[in-house]
Ligand SMILES: [Zn+2]
């Protein structure tokens, strides 16, 4: 039921929620005027399901199917989806749900979740008389499974060729200060959880990460790199890559998810990486978080067979795991002091975004949008400032324990005279 609500809410992240989004975070700016999608229509006629969007301008699209799970993806130039929440999906529709949003600079996407294998009968933008100047139309009919798989395999290869490798933000070197990568969860087409008042998780995480960044930069002891600075999509592997490219010494992912009603779960929770989940809630959280690439219309990746690299990774992992645990405890200690902790605050599960074997990492659930009291906190600037300060203190404490920065703020940078626990990275 909750999943269903979440899905519907994803579909409906639109004009009604735009005001809230603007209050929490600025949308991606773009110099060129972008087309707006002003209405959507979903109809079923016999075997055919047709999804269309009324647009203020004509544009080029690319539509294709992907498998595991079965989806239709429509890539298009940046479009401002100024849409009211669509009505319920009609019965017998080949479309289970759909979502839309920014993928990156100048790129938007529509992702359709299919009820079964389908063939794209038509995908085009055509001019229409009256109303909006043009309409994007995608019509689907059922397809047999093997034809669908063949089309999906070809499209997955083409998607890999067409997707430009996103440039990793790299911070300039600054006197050997240790690098922390701040990772606001979700973004762009991936709204993350949507709270009862239409609050997008992606905006809450970004607002918090920006506050935390400002505090760390003001303190001047660490270098901060953000996986995203605005409202666009960043894949899980790209987030990990940003940490690698910046020789990060610490990685912190931030979230504010929804848990099924009735659990009464509230307060901050710190998750660490483990192939075995600490509990059912942690397992479900990791499963949901690991599915965001698929929801954003990325082709399923092939998992490689275990081999020698896994053994090497495992050795690196052991040290990383110890430091990740210390970091999680540091955060718990600081947040306990401000009374914001979940009753079972340290958990673990197999989160893809935490899988870099060399970088101590944690995923901080700031609170849960399924909890009324948490939602009130998550939207309060005063709470955000105080909690970001606690987390900033935990981050600096972690680096102090490792001898990577001096003991108190205001002192000279002691990095040069205190040997770090592992060889300094360039
Ligand atoms: Zn999340």
message = If I go through region 245-302 residue by residue, how many of them are out of contact with any strand residue (DSSP E or B) (no Cβ under 9 Å at 6 or more places or on another chain) and within 13 Å of the ligand (Cβ to nearest atom)?
response = 4
task = Take residue 188 and decide whether it is within 25 Å of residue 376 (Cβ to Cβ) and either within 16 Å of the ligand (Cβ to nearest atom) or modelled with pLDDT of 95 or more (or both).
result = no
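A quick yes/no check of all residues on (1) in a helix (DSSP H, G or I); (2) touching a residue at least 60 places away in the same chain (Cβ under 8 Å); (3) not assigned by TED's automatic domain parsing to the domain that holds residue 227:
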| position | (1), (2), (3) |
| --- | --- |
| 100 | no, yes, yes |
| 122 | no, no, yes |
| 126 | no, no, yes |
| 135 | no, yes, yes |
| 140 | no, yes, yes |
| 150 | yes, no, yes |
| 183 | no, yes, no |
ask   = Since residue 205 meets every condition but one in (1) outside any loop (DSSP other than H, G, I, E, B); (2) more than 16 Å from the ligand (Cβ to nearest atom), which condition does it not meet?
value = (2)
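What about residue 195, is it out of contact with any strand residue (DSSP E or B) (no Cβ under 9 Å at 6 or more places or on another chain) and within 16 Å of the ligand (Cβ to nearest atom)?
Judged against the criteria, residue 195 is a match.
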query = Counting only residues that are surrounded by fewer than 20 Cβ atoms within 10 Å (Cβ to Cβ) and in contact with a helix residue (DSSP H, G or I) (Cβ under 8 Å, 6 or more places away or on another chain), how many does region 97-112 have?
reply = 1
note = Checked 240, 225, 179 against criteria (away from the ligand (no atom under 15 Å from the Cβ) and more than 19 Å from the chain's Cα centre (by Cα)); the one match is 179
ask   = From the residues in region 384-412 that are touching a helix residue (DSSP H, G or I) at 6+ places or on another chain (Cβ under 8 Å) and at pLDDT below 95, which one is surrounded by the fewest Cβ atoms within 10 Å (Cβ to Cβ)?
value = 407
query = Has region 349-366 got at least one residue that is modelled with pLDDT of 90 or more, more than 18 Å from the chain's Cα centre (by Cα) and within 20 Å of residue 204 (Cβ to Cβ)?
reply = no
ask   = Any chance region 158-166 includes a residue that's under 30 Å from residue 222 (Cα atoms), touching a strand residue (DSSP E or B) at 6+ places or on another chain (Cβ under 9 Å) and assigned to a strand (DSSP E or B)?
value = no
query = So which residues in region 53-88 are surrounded by fewer than 19 Cβ atoms within 10 Å (Cβ to Cβ) and closer than 11 Å to residue 39 by Cα, if there are any at all?
reply = 54, 56, 82, 84, 85, 86
query = What number of residues in region 251-275 are touching a helix residue (DSSP H, G or I) at 6+ places or on another chain (Cβ under 9 Å) and in a loop (DSSP other than H, G, I, E, B)?
reply = 11
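The values are calculated or read from the model by the stated rules, or taken from the named source; none is laboratory data. Source: prediction; values computed, not measured. No Cβ is skipped: glycine too gets one built from the backbone with ideal geometry, and neighbour counts run over all protein chains shown.
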